[in-house]
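Enquirer: Can you read through this structure? Questions will come right after.
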Amino acid sequence: MTKPRIGIIGGGLTGLTAAYQLAKEDVDVVLFEASDRLGGLAAGYELAGYRMEQAYHFLYKTDEFILAMVDELGLNDKLTYHKSSVSTYYGDRLYPMESPIDLIRFTPISFIDRIRAGLTVLWLQRERNWRKLSKITALEWLRKYAGRAVTDVIWEPLLRGKFDRYYDKVTMSWLWGRVLQRVDSRDSKLGGEALGYFDGGFKTVIDALEAPVRAAGTDVRFNSFIDKIHHDETSGKVVVTMRGGEEQAFDRVLTTVPSNVLAKMIADYESTDPTYFQKIRSVDYLDAAVLSFCTPQKITDYYWHNINTPNSPFVVFLSFTALIGTEDFDGNHIYYIGDYVPPEHKYMSMPEEELKALWYAELKKMFPDFDPGLIIDAGLFRMRNAQHIVDIGFEENKLVPHETPCPGVFMCNFSQIYPMDRGTNYAIRDGNRMANMLLDSLASGTTKVSTPTVPPLTMPASGRKPAPETLAVNTSK
């Protein structure tokens, strides 16, 4: 008998994980990736000869799905947890934000407001009913409970930096998820938040997934752009049309592309389910611009810097080597600068050297001793559809099941990770789920399978009370 044939569009961690699981089965798989490498937002590259990610990544201790995969791949000895260090830059000054004492010393707001800020975050740590927080925006909730002064100084600049023109649209459930992730990743032995990183970077995981995928005969196609997908009623196959006209026929197809991209690929099926298309087209996305650079110069003692200064040209600055050390980098230091912007923003098209100069100049204002002339190497990456917007009514009005109106075609992207935010942990989870869904669909002989729109949320079972936390939530991951 002819083996079933499955096409996967998108070589990020969701598509790659699905391919990895399917490689264990008696199916033929073709994996299409538009870029020249696998990994999506976690894809690696060489910076001054060192393996790094195009965009900064780390693991929380509660990232159970990727940790299970790490165990399966035999990579536990490659993963190390490090104590994070966080600061807030406000009013031309850097404030540590690692403990309740640091919050008490945060003088830009009054003492009473500092107490109120701490109590607000403590309450969020204990809250487990996220649905009630999906009916109110983060800005509105924070102004009501944390107060206007706390919101104006601490929270609103982060929301504006992370979500640009959508800063007042994002639900409180999104921010709750970020607070919960961070608190549950605290480690008493390390004395604070613990973040995991791999020897050799996240490419260590990507390579370990890719090797068995290729060994199983999977056809991995880079620089592959898909123009159209349709279902051939005569043959029952799903036909994928590539840019240039080449066609490939499959029994099932999984797409991991952004919702607005999928809408174009299967546009011929809009009349069969207009509501589905209305929902996926209404998901708003922001792009990301990320700069990493290597220098022998130590600029800061902190890993994460939330930039709360109004009109800053970037939202976050981090010292990667302040987290994991400089030993693997010959004593050099690795830094990242990042910002989220609308698709039409100048950052997505301005000359690379111009953007670098703009960001270096701002960094020098923060750290007067910083010398751009000492930089050994730098890499700038501009990523489309890097962050979706979770606004009020998202679940009801924008969340869709994985089955699409085009028979035999399934969609799974990070806009369907709800109520939690996108990340490597849930990408692995969904890759596993989609592989099972595709196999179930093949076994049943139907292009439809019964699945919930929102998968059950697995809450960390720490068995302990949350410790008091500061306000420095890593909103930009």
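Enquirer: If I take all pairs of Cα atoms in region 331-428, what percentage of them are more than 22 Å from each other?
Expert: Cα-Cα pairs in region 331-428 separated by more than 22 Å: 53 percent.
Enquirer: Report Rg (one decimal) and Dmax (nearest whole number) for region 200-283, counting Cα atoms only, units Å.
Expert: Every Cα atom of region 200-283 included, Rg and Dmax give 15.9, 49 Å.
Enquirer: Taking a label point 7 Å from the Cα of Glu246 along the Cα→Cβ vector, which residues of region 367-385 have an amide N closer than 18 Å to it?
Expert: none
Enquirer: For Arg165 and Asn311 in the same chain, what is the full-extension length gain: residue separation times 0.36 nm, less their Cα-Cα distance, in nm?
Expert: 51.3 nm
Enquirer: Sorted by accessible area with a 1.4 angstrom probe, largest first, how do Phe32, Phe65 fall?
Expert: In descending accessible area the options line up as Phe65, Phe32.
Enquirer: What is the angle, in °, between the Cα long axis of helix 111-126 and the longest principal axis of the Cα atoms in the chain? Nearest 10 is fine, range 0 to 90.
Expert: Value to nearest ten degrees: 30.
Enquirer: Continuing with the same structure: For region 65-118, take every pair of Cα atoms, bin their distances at 5 Å starting from 0, and report each bin as a whole percent.
Expert: 4, 16, 18, 14, 7, 7, 9, 12, 9, 3, 0
Enquirer: GluC sites (Glu not before Pro), restricted to region 308-413: which are DSSP loop and have at most 10 other Cβ atoms within 10 Å?
Expert: Those that pass, being in a loop and sparsely packed, are Glu344.
Enquirer: What is the gain in length, in nm to one decimal, between Thr2 and Ala34 on full extension, counting 0.36 nm per residue of separation less the C-alpha to C-alpha distance?
Expert: Result for the pair: 8.7 nm of gain on full extension.
Enquirer: How many Å² of accessible area per residue for the chain, probe 1.4 Å?
Expert: 39
Enquirer: Extending each Cα 7 Å along its Cβ direction at Ser235 and Asp273, get the distance between those two points in nm, one decimal.
Expert: That separation, rounded to one decimal, is 2.3 nm.
Enquirer: Could you please state how large a percent of the accessible area of the chain is carbon and sulfur, counting protein chains only and using a 1.4 Å probe?
Expert: Exposed carbon and sulfur together represent 50 percent of the surface.
Enquirer: What percent antiparallel are the DSSP beta bridges of the chain, to the nearest 5?
Expert: The answer is about 75 percent antiparallel.
Enquirer: Reported to two decimal places, what Rg/Rh ratio describes region 130-193 when computed on Cα atoms with Rh from the Kirkwood expression?
Expert: With Rg and the Kirkwood Rh in hand, the quotient comes to 1.04.
Enquirer: Report, as a whole number in µm² per second, the diffusion coefficient that Stokes-Einstein gives for region 1-76 at 25 °C and 0.890 mPa s using the Kirkwood radius over alpha carbon pairs.
Expert: 171
Enquirer: Using a cut-off of 30 Å between alpha-carbon atoms, which lysines can reach Lys364, once sequence neighbours fewer than 8 places away in the same chain are excluded?
Expert: Candidates past the 8-residue exclusion: Lys83, Lys162, Lys298, Lys346, Lys356, Lys477.
Enquirer: Another one. How much of the calculated P(r) for region 131-289 lies past 24 Å, in percent of all Cα pairs?
Expert: The answer is 62 percent, as a whole percent.
Enquirer: Would you calculate a helix-derived [θ] at 222 nm for the chain, using -39,500 (n - 2.57) for each DSSP H run of n ≥ 4 and dividing by the full residue count, to the nearest 500?
Expert: After summing the helix terms and dividing by the residues of the chain, the value is -9000 deg cm²/dmol.
Enquirer: Sorting check: for 412-423, 70-81, 144-155, which peptide has the highest mean count of neighbouring beta carbons within 10 Å, and how do the rest follow?
Expert: Ranking the peptides 412-423, 70-81, 144-155 by packing returns 412-423, 144-155, 70-81.
Enquirer: Give the separation of the Cα centroids, region 396-411 to region 118-160, in Å.
Expert: Using only Cα atoms, the two centres lie 32 Å from each other.
Enquirer: Tell me which trypsin sites (Lys or Arg not before Pro) from region 231-289 have a DSSP coil assignment and no more than 13 other beta carbons within 10 Å of their own.
Expert: Arg243
Enquirer: With each pseudo-label sitting 7 Å past Cα toward Cβ, what's the Lys135-Tyr45 distance in nm, one decimal?
Expert: Once both label points are built, they end up 4.6 nm from each other.
Enquirer: Calculate I(q)/I(0) for region 31-71 by the Debye formula, one identical point scatterer on each C-alpha and no solvent, and give its log10 at q = 0.25, 0.27, 0.32 Å⁻¹ to two decimals.
Expert: The Debye formula, applied to the Cα set alone, gives -0.95, -0.97, -1.03.
Enquirer: Let me check I have the definition right: for region 1-136, take the eigenvalues of the Cα gyration tensor, multiply each by 5, take square roots. What are those semi-axes in whole Å, largest first?
Expert: Computed over region 1-136, the values are 42, 21, 15 Å.
Enquirer: Helix 203-215 sits at what angle to the longest principal axis of the chain, using alpha carbons and giving 0 to 90 degrees rounded to 10?
Expert: Approximately 10 degrees, to the nearest ten.
Enquirer: Which Rg and Dmax, in Å, describe the Cα atoms of the chain?
Expert: Just the Cα atoms of the chain yield Rg and Dmax of 22.5, 74 Å.
Enquirer: Averaging the inverse of every distinct alpha carbon separation and then flipping it gives the Kirkwood radius. What is it for region 85-179, in angstrom units?
Expert: It works out to 13.8 Å.
Enquirer: Moving on to the next point. For region 177-220, state which trypsin sites (Lys or Arg not before Pro) are in a DSSP loop and have at most 16 other beta carbons lying within 10 Å of their beta carbon.
Expert: Answer by residue number: Lys189.
Enquirer: If you count only protein heavy atoms and use a 1.4 Å probe, how large is the accessible surface of Tyr90, to the nearest 10 Å²?
Expert: 60
Enquirer: If N is the number of residues in region 274-398, what value comes out of its Cα radius of gyration divided by 2.2 N^0.38 Å?
Expert: Cα Rg divided by the expected 2.2 N^0.38 Å: 1.28.
Enquirer: Under a 1.4 angstrom probe, counting protein chains only, how are Glu33, Glu233, Glu270 ranked by accessible area, largest first?
Expert: Glu233, Glu270, Glu33
Enquirer: So how tilted is helix 352-366 from the main axis of the chain? Cα-based, degrees 0 to 90, rounded to 10.
Expert: 30
Enquirer: How large is Rg/Rh for region 240-342, to two decimals, with Cα atoms and a Kirkwood Rh?
Expert: Result: Rg/Rh = 1.21.
Enquirer: OK, next. Going by Cα centres, region 270-323 and region 350-376 are how many Å apart?
Expert: About 18 Å separates the Cα centre of region 270-323 from the one of region 350-376.
The values are calculated or read from the model by the stated rules, or taken from the named source; none is laboratory data. These numbers come from a predicted model, not from an experiment. Positions of Cβ are generated from backbone atoms using ideal geometry, with glycine treated the same way; all protein chains shown enter the neighbour counts. Ligands, DNA and RNA are excluded from the accessible area calculation, which covers all protein heavy atoms including side chains. Shrake-Rupley method; radii C 1.70, N 1.55, O 1.52, S 1.80 Å.
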